[in-house]
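The values are calculated or read from the model by the stated rules, or taken from the named source; none is laboratory data. Note that the structure is predicted; figures quoted are calculated from it, not measured. All Cβ positions, glycine included, derive from the backbone under ideal geometry; neighbour counts span all protein chains shown. To get the accessible areas, we keep the full protein, side chains included, count just its heavy atoms, and leave off ligands, DNA and RNA. Shrake-Rupley method; radii C 1.70, N 1.55, O 1.52, S 1.80 Å.
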Amino acid sequence: MTEDYFSFTERLFDQSQTSGKPEALKGIRVLDLSRVIFGPMVAKWLALFGAEVIKIEQPEEGDDWRSGTYWGKYWKDSSPYFQSLNPNKYFVAIDLKEEKGKDLVKDLAKKADVVIENYRAGLAEAWGLGYMAMSKINPKIIYISCSGYGQWGPMRYFPSYDLISQSVSGVARMTGFSEKRTFKLPDYYGDFFPAILGVVGVLSALHHRERTGKGQFIDMAQTEALMRVMHNWTYMSATGQDIHPTGNFDPTMAPSGIFKTRDGLFISIAVATKEQFLILTEAMGAVELATDKRFQETAERLKGENAAIINEKLAQWVHTQNAEDIITLAKAKGFAAAVVMDDEKLVRDEWREARGSVVEFVDDMYGNSRFAGPAVSLHKSPGRIKRLTRPIGYHNRYVFKKILGLSEEDIRKLEKEDVIGYWDNRVGKRPPSYVDISKDKIFNYKKDERA
Amino acid sequence: MKKKEQVFSKHMTGKKTQEQLEQFNKLLGEMMGSIGGKKGALEQIRVLEIGHANFPGLVCGAMLGEMGADVIKIEPPQGDAAREATHHGHYIQGVGIPFVMESRNKLLITIDFDDEQGIENIKKLVRKADILIDAMKPGYLDELGIGYRQISAVNPGLIYAAVSPYGHYTQKGRDFQNIPDTDLTAQSESGYPALTGDPGLPEPDNYPVRAGIWAATYMSAAVCVAGIMTALLHRDRTGEGQMVDMATYDALSAWMGFSHVWGFTNEKPRIRVGNYDWCLFPYGYYQAKDGYVTVAAGSDADFRGLIKILGRWDLEDDWRFVFDRIADDPVKLDELEKEMKKEFVKHTRKVLSEKTLAYGAKAARDKLRSKGFPIVVSTLKPSEVVEEKHWKIRRSFEEFDIKDHGRITVPSLPPRMSESPSKIEWIKTGIGEDNEEVYKKYKLIMKD
């Protein structure tokens, strides 16, 4: 007898086996010159799947996001957001304003496969650390520049952030109940989405290099990433009109919305097809709607007036049901429904833990930790979190000795000349107060990080 | 004379640096100006996409195709039901806008899944494939004898990407396998709407609010493509294929991860805070004299720069706001927000953005670099965005003819790659439009 499908897949994706499995990107060396979210997230993917990512920060200052946190809260002297953005990386601090600092970066670049930067367009180039310089010393290098509008074109030098990009792309006008009051996409979607397309760019360049031996330059523009996901352009060219904000109604699906249940929870339900609509009406005990001329065909159901009527009927039905009962029906019959989750439920979600997208672990420096794991599962070469972040310059010795072959004397000299450095004593940059750094074996490079 | 390009860093001034930047620009022009004969990174990679009303699956296929893969989308004879979804019921030749957009570079064929010959045809195709996108109900292809365990036996190099709401493993995956994919429900299971909205508004506008684009669909599709590419690199070195599992109801939250951080460290969820941000202030949309502006002035230095520009330096010394990191105090924010709103509405969008840019350019040359750089831009409508010359130069939008319809515009996939650029070659939408070509090429058997 054949094994049940889910028993078969359960074995494939057995989370307890993850740490023993190979890493897809092992042996790939990445220089991460980036900061805040966009660039660091490109590097994070590579680090989760086994690349050796060396994050280069400015001594004392470090990544701006080290001090960026919500409502002033820190976790063991660190920004917990920064932790989430930069696991598995090696932290070195080099002063890029010093010629000798630039030389150190270039020495690392000679031995690297990928360089990631997200300074304002043109700045890395002006510093002599751009693609022109790097490709000269390492022609096989894959160099990705992440910026608001790209390195090429008249808007290139204009400043950008997540929210600015949401506005320049038009995304800003899409969320909410009316044109007069739109909301931003929260939690910096304008950084996280472009970052994943940057990852795709780097991975495709690595694949291209496997086949041809050639490196390349990648120009990743935040705003173009957001434009790629908008249906507005095609809709406009076909109808001559724009798509306007429609609140919780998804204009491509009717009925659709976020509704309040009898027990006061918010639940979303959306119907994409005729088949799904029939199923929903059965669940509602209102099959007559499925043969109603206004709703029977998807094309009719989506039209303004009809959509409003069917949405209202659904809202009323949801109001008479408990959330759990709706989910039970959705599972049994097969229509799309989900209770609106929240931060706490997410991080404590058993399903996510079983998938490996929420992971609990003990970090050598920060202790008990619970963070998001890889967002997709690969059964033979899965991603994994091996450690959290470290203070500025924590891996200086590790990287300079192991990779560049510098001696203790060389390093002391560079320290003295302020070419390399460490954290200063501000929160977000320093080690947790309970760590005695003078005895730390990794910091003093008495031992390797765990593979 | 050409107008001098405005720069916002002291490091980008000086004759020598300017020359260097000019040289870089020239190189970019050569690398990016025209694609010429360059091929995409996934040239010769063969992809099969099988899906039913599954939007992330559609997007995965489109992105792989745009990077140069040969993508064959297999539909049942009546077509993929994903064709039905479209904005307000507007179709292009009977096909929904999202489906049209995500049909780029695909060959469209039909195969009858209920017919043994059809399954034989799929088996033939799969033997020669590098990547299979399974966007059907979990276990469905396995039942038909074309799931991962059967195919990997004959094609061990295959990368099998399973795309479904709750994934192809775990107890919940099993219990929820009937639930179809939609962006809205995926957003909700990822906790995304819980972060948007204003509890102060009247019901139901005070509910959690849907992101007005397919935020979850596109995020999960892109994460899945990154997973596929990672598996492809593993294969490049080992020759081994593998199974990639994407839970589309999870990827948005897992990739962004900030909800997890908040939940872990606070042990309670965030409340909805309207126009505010949890880390930065001001960081939101404001009414200007002639429309809306977006303001990002997150650091204390940026904020001080902003009130200087707005002529409200008096606020700097106001007892309510003298502390740094003003964004950390939501109660005081309400008061400060009132002052901000009062100021922005006095000026036009143009004046606000010109003033802040001029300030930023000057502040960037400051020795101590302590003057900040507040940014104010017009909150553009999409109809204003398409007119921008910058995107024309970069070919961010492309136009295609749809048979019997006319021209349509679609956005192209970033990033721009100097050696292996992505490219939209065609957009087709007809059900089974490429049957003849594909059936012949792969010697499939056509039922009469």
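For the reader, a short list of remarks on this structure follows.
Residue-wise test of (1) at pLDDT 85 or above; (2) within 7 Å of chain A (Cβ to nearest Cβ).
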residue	(1), (2)
B:Lys2	no, no
B:Gln6	no, yes
B:Thr17	yes, yes
B:Leu21	yes, yes
B:Leu27	yes, yes
B:Met31	no, yes
B:Lys38	yes, no
B:Ala41	yes, yes
B:Ile45	yes, no
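- Residue tally, condition more than 20 Å from B:Thr185 (Cα to Cα), within 7 Å of chain A (Cβ to nearest Cβ) and assigned to a helix (DSSP H, G or I), over region B:214-271: 15
- Candidate set: region B:336-349, residues that are surrounded by fewer than 14 Cβ atoms within 10 Å (Cβ to Cβ) and touching a residue at least 12 places away in the same chain (Cβ under 8 Å); chosen: the one farthest from the other protein chains (Cβ to nearest Cβ): B:Lys346
- Close pairs (6 angstrom Cβ cut-off, 6 or more residues apart or separate chains): within 14 Å of A:Glu353 (Cα to Cα) in region A:4-24, open to solvent by less than 40 Å² (accessible area, probe 1.4 Å) anywhere: A:Glu10/B:Tyr169; A:Phe13/A:Ser377; A:Phe13/A:His379; A:Phe13/B:Tyr169; A:Gln15/A:Gly356; A:Thr18/A:Pro382; A:Thr18/A:Arg384
- Subset tally (residues that are over 30 Å from A:Thr234 (Cβ atoms) and within 14 Å of chain A (Cβ to nearest Cβ)) for region B:103-139: 2
- The residues of region B:156-211 that are within 19 Å of B:Pro138 (Cβ to Cβ), in a helix (DSSP H, G or I) and of a type in the set (Gly, Ala, Ser), listed by number, are B:Gly173, B:Ala186.
- Residue that is within 22 Å of B:Met31 (Cα to Cα), open to solvent by less than 10 Å² (accessible area, probe 1.4 Å) and of a type in the set (A, V, I, L, M, F, W, C), where the choices are A:Ile141, A:Ile137: A:Ile141
- Test: residue in region B:420-427 that is basic (Lys, Arg), open to solvent by 20 Å² or more (accessible area, probe 1.4 Å) and within 13 Å of A:Arg228 (Cβ to Cβ): no
- Of residues in region A:304-347 being in contact (Cβ under 8 Å) with a residue 12 or more places away in the chain and part of a loop (DSSP other than H, G, I, E, B), the one farthest from the chain's Cα centre (by Cα): A:Thr320
- Selection within region A:157-193: residues that are of a type outside the set (Ser, Thr, Tyr), surrounded by fewer than 24 Cβ atoms within 10 Å (Cβ to Cβ) and over 27 Å from A:Phe82 (Cβ atoms). The member of this set that is nearest to the other protein chains (Cβ to nearest Cβ) is A:Phe177.
- Options A:Val318, A:Val340, A:Val358, A:Val347: the member that is within 7 Å of another protein chain (Cβ to nearest Cβ), within 19 Å of A:Ser268 (Cα to Cα) and β-branched (Val, Ile, Thr): A:Val340
- Residue under evaluation A:Met230, criteria (1) crowded, with 24+ Cβ neighbours inside 10 Å; (2) not in a helix (DSSP H, G or I), criterion not met: (1)
To keep it simple, each residue is scored yes or no on (1) within 27 Å of A:Pro194 (Cβ to Cβ); (2) more than 10 Å from chain A (Cβ to nearest Cβ); (3) in contact with a helix residue (DSSP H, G or I) (Cβ under 7 Å, 6 or more places away or on another chain).
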{"site": "B:Gly61", "(1), (2), (3)": "yes, yes, no"}
{"site": "B:Lys73", "(1), (2), (3)": "yes, yes, yes"}
{"site": "B:Ala82", "(1), (2), (3)": "yes, no, yes"}
{"site": "B:Ala85", "(1), (2), (3)": "yes, no, yes"}
{"site": "B:Val95", "(1), (2), (3)": "no, yes, yes"}
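- Helices (runs of 4 or more DSSP H) (entirely within region A:77-152) containing at least 1 residues that are within 26 Å of the chain's Cα centre (by Cα), of a type in the set (S, T, N, Q) and closer than 30 Å to A:Gly170 by Cβ: A:80-85
- Note on region A:262-303: residues that are outside any helix (DSSP H, G or I) and either within 11 Å of chain B (Cβ to nearest Cβ) or not aromatic (Phe, Trp, Tyr) (or both) amount to 22.
- Within region B:189-205, the residues that satisfy the criterion of being open to solvent by 10 Å² or more (accessible area, probe 1.4 Å) and either on the phi > 0 side of the Ramachandran plot or free of Cβ contacts under 8 Å to residues at least 24 places away in the same chain (or both) are B:Leu201, B:Pro202, B:Glu203, B:Pro204, B:Asp205.
- Single condition A:Ile392 does not satisfy, out of (1) among the aliphatic types (A, V, I, L, M); (2) away from chain B (no Cβ under 14 Å); (3) in contact (Cβ under 8 Å) with a residue 40 or more places away in the chain; (4) touching a helix residue (DSSP H, G or I) at 6+ places or on another chain (Cβ under 7 Å): (4)
- Test: residue in region A:235-256 that is more than 8 Å from every other protein chain (Cβ to nearest Cβ), open to solvent by 30 Å² or more (accessible area, probe 1.4 Å) and among the aliphatic types (A, V, I, L, M): no
- Selection within region B:141-167: residues that are under 26 Å from the mean Cα position of the chain (by Cα) and farther than 15 Å from A:Ala375 by Cβ. The member of this set that is surrounded by the fewest Cβ atoms within 10 Å (Cβ to Cβ) is B:Tyr160.
- Meets criteria (among the β-branched types (Val, Ile, Thr) and buried (at least 24 other Cβ atoms within 10 Å of the Cβ)) for A:Val287: no
- Screening A:Ser135, A:Ser79 for residues that are at the interface with another protein chain (Cβ under 10 Å from one of its Cβ atoms), under 24 Å from B:Ser418 (Cβ atoms) and of a type in the set (Ser, Thr, Tyr) leaves exactly one candidate, A:Ser135.
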